[in-house]
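Here's the structure we're looking at; comments come further down.
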Amino acid sequence: MITSIARQSIIIKCNGQQAVLLGNYELYYAAGLMKKLFDLPLSEDQTPQELMDIILPAIDTLHPKDARETHLLNMLRTYLPLEQYDDQMKELFHWGANEQDLWIMNTSHDAYH
């Protein structure tokens, strides 16, 4: 899996307010964004189900700032996590939690540092 593809997928979906999450790679980048945007107590070490157990009850209490954040919440609201979990998902979570180029396709992020 090329991690930048999962990141780009979330950006495209949130900018266009369409589509759904397609797998745990996208889930982990999205969960990292949830930590960054809404300060949820999420960690890259949590399983997919543990992430969702924190995200889902919090969604209705959050206040998105724009349509992209609203769509991110809506995609997470309907996602059913898979058991799959690997180191690239941890990398994607970290990337989302520390995103410097929010909602922009081109990134200054160095995935290999």
Hey, in the GNM for the chain with a 10 angstrom Cα cutoff, which one of ALA30, ALA97, ALA58 fluctuates hardest? ALA58
Label point distance in nm, HIS63-ASP87, each placed 7 Å from Cα along Cα→Cβ: 4.2
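On a 1.4 Å probe surface of the protein chains, which of THR47, THR3, THR78 comes out largest in accessible area, and what is the full order?
In descending accessible area the options line up as THR78, THR47, THR3.
In debye, nearest 20: dipole of the chain around its Cα centre with unit charges on the Cβ of K, R (+) and D, E (-)? Before the final figure, lay out each step's value.
Values: 8 positive and 16 negative charges, 87 e Å.
Charge dipole of the chain: 420 debye, to the nearest 20.
Per residue, how many Å² of accessible area does the chain show with a 1.4 Å probe? Let's see the in-between values first.
Working: 6050 Å² over 113 residues.
Averaged over the residues of the chain, the accessible area is 54 Å².
The values are calculated or read from the model by the stated rules, or taken from the named source; none is laboratory data. Please read these numbers as outputs of a predicted model, since none were measured by experiment. Every residue, glycine as well, gets a Cβ built from its backbone with ideal geometry; the counts of neighbours run over all protein chains shown. Surface accessibility is based on the protein's heavy atoms, side chains included, excluding ligands, DNA and RNA. Shrake-Rupley method; radii C 1.70, N 1.55, O 1.52, S 1.80 Å.
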